[in-house]
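S.K.: The following block contains the structure, expressed as structure tokens.
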Amino acid sequence: MKSLKEWAQALRAASADAVVLVEGKNDKKALERLFVRNVYTLAGRRLTDLPDFLEKKARKVILLFDLDREGEEITRKVREILEAEGFEVDEKFRKALRDLHIIYIEEIHGEGRQAKNP
């Protein structure tokens, strides 16, 4: 994914049959402005409760936490918990953001307005 527009289009398509997990409500709002579906936040949830929460929503989970130190730690913990319960965990969208030099998910909405719903 070489541009934010391409990234947003791919994420929109992937979110049709997967859950997108983000840290907080501003992250969720940023993605929803790009018409990404099935976005859920960690806010108010214990990490160990995630498998039960996600079980009826989807077996594929896209982890999209910030690319700072805290986000890296959350990603590691959530990945371990979900993979242990048999969920398919996708981190390619986080890795693509790193290549696009975007650290905070909530920053995407300003730059991604060009990536409107097709």
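No lab work stands behind these numbers, since they all come straight from the coordinates. Small disclaimer: the values here were computed from a predicted structure and weren't measured. With ideal geometry, Cβ positions are generated from the backbone for all residues, glycine too; neighbour counts draw on all protein chains shown.
S.K.: Find all pairs meeting these conditions: Cβ atoms under 9 angstrom apart; at least six residues apart or on different chains; first residue within segment 78-91 and assigned to a helix (DSSP H, G or I); second residue not hydrophobic (A, V, I, L, M, F, W, C).
M.R.: Sorted first by the residue in segment 78-91, then by its partner, the pairs are Arg79/Glu91; Ile81/Thr48; Ile81/Pro51; Leu82/Pro51; Leu82/Glu88; Ala84/Pro51.
S.K.: Here's a check for you: in segment 68-77, which residue that is buried (at least 16 other Cβ atoms within 10 Å of the Cβ) and either without any contact (Cβ under 8 Å) to a residue 24 or more places away in the chain or closer than 13 Å to Leu47 by Cβ (or both) is nearest to the chain's Cα centre (by Cα)? Steps first, answer last, please.
M.R.: Step one: filter segment 68-77 for residues buried (at least 16 other Cβ atoms within 10 Å of the Cβ), giving 71, 74-75.
Narrowing further to those that are either without any contact (Cβ under 8 Å) to a residue 24 or more places away in the chain or closer than 13 Å to Leu47 by Cβ (or both): 74-75.
Details: Ile74: 12, Thr75: 10 Å.
Checking each candidate, the answer is Thr75.
S.K.: Can you find even one residue in segment 30-38 that is in contact (Cβ under 8 Å) with a residue 40 or more places away in the chain and of a type in the set (Val, Ile, Thr)? Break it down stepwise before answering.
M.R.: So in segment 30-38, the residues in contact (Cβ under 8 Å) with a residue 40 or more places away in the chain come out as 30-31, 33-35.
Adding the requirement that they be of a type in the set (Val, Ile, Thr) leaves none.
No; the residues of segment 30-38 include none that is in contact (Cβ under 8 Å) with a residue 40 or more places away in the chain and of a type in the set (Val, Ile, Thr).
S.K.: While we're here: Looking at Arg98, is it assigned to a helix (DSSP H, G or I) and farther than 23 Å from Leu34 by Cα? Working first, answer last.
M.R.: On the way: assigned to a helix (DSSP H, G or I): yes; farther than 23 Å from Leu34 by Cα: no.
No.
S.K.: Go through segment 43-66 residue by residue and tally those that are surrounded by fewer than 21 Cβ atoms within 10 Å (Cβ to Cβ) and either under 11 Å from the mean Cα position of the chain (by Cα) or over 17 Å from Tyr104 (Cβ atoms) (or both).
M.R.: So in segment 43-66, the residues surrounded by fewer than 21 Cβ atoms within 10 Å (Cβ to Cβ) come out as 43-49, 51-60.
Narrowing the set further to residues that are either under 11 Å from the mean Cα position of the chain (by Cα) or over 17 Å from Tyr104 (Cβ atoms) (or both) leaves 44-49, 51-60.
Result for segment 43-66: 16.
S.K.: Report every pair of residues separated by at least 6 positions or lying on different chains whose Cβ atoms are under 8 Å apart, first residue within segment 1-25 and free of Cβ contacts under 8 Å to residues at least 40 places away in the same chain and under 13 Å from Lys60 (Cβ atoms), second among the basic types (Lys, Arg) and surrounded by fewer than 17 Cβ atoms within 10 Å (Cβ to Cβ).
M.R.: Correct list of pairs: Ala16/Arg37.
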